[in-house]
1. More than 27 Å from V6 (Cβ to Cβ), of a type outside the set (D, E) and either in contact with a Leu (Cβ under 7 Å, 6 or more places away or on another chain) or at pLDDT 85 or above (or both): which single residue out of H96, H52 fits that description?
2. For segment 55-76, give me each residue that is under 18 Å from L20 (Cα atoms) and hydrophobic (A, V, I, L, M, F, W, C).
3. Could you please give the count of residues in segment 4-46 that are in a helix (DSSP H, G or I), closer than 19 Å to L67 by Cβ, modelled with pLDDT under 90 and not hydroxyl-bearing (S, T, Y)?
Amino acid sequence: MKPFDVTELEERIKATGKSLAELKTENFTEEFLKIIHRPGWTSVAESLFVRHMLSSVEQHAKALNQLQEGLLEASRAVGDHTGTRPSVPAKPVGAHF
C-alpha cells in the first residue's frame with residue numbers, strides 16, 4: 001500500500017469495523033449464563049480452565065478498546081496540526097539517544 005492510498009485504507013477501516021461489529025457479546029453473555037447453571041455443567045478443573053479463558057477474553061476486549069481509542073485519538077491529532085508541526089531538532093553528531 002502506498003502511503004497516500006486512501007482507498008485501500010478505507011477498505012481496511014470498514015473491514016475492521018465489520019469484524020468488531022460481528023462480536024456478538026450480548027448473545028454470548030446470555031447463553032453462557034444459562035449454560036453454567038445447568039446441573040453437572042462442569043468439573044473443578046474445567047471451571048478453572050473456563051475462568052482463565054474468560055480472563056483472557058476480557059483482557060483482549062479491553063486491549064481492543066484501548067487500541068481503537070488510541071487509533072482514533074492519534075488520527076484526529078494528525079488533522080489538528082496540519083502545517084503547524086514543530087520541527088524536530090537534529091541530533092548532534094555522535095549522540096546515541
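1. Numbers: H96 fails: either in contact with a Leu (Cβ under 7 Å, 6 or more places away or on another chain) or at pLDDT 85 or above (or both).
Residue meeting the stated conditions: H52.
2. Passing the criteria: V57, A61, A63, L64, L67, L71, L72.
3. 3
The values are calculated or read from the model by the stated rules, or taken from the named source; none is laboratory data. Please read all numbers here as calculations on a predicted model, not as lab measurements. Note that each Cβ is placed from the backbone with ideal geometry, even for glycine, and that neighbours are counted across all protein chains shown.
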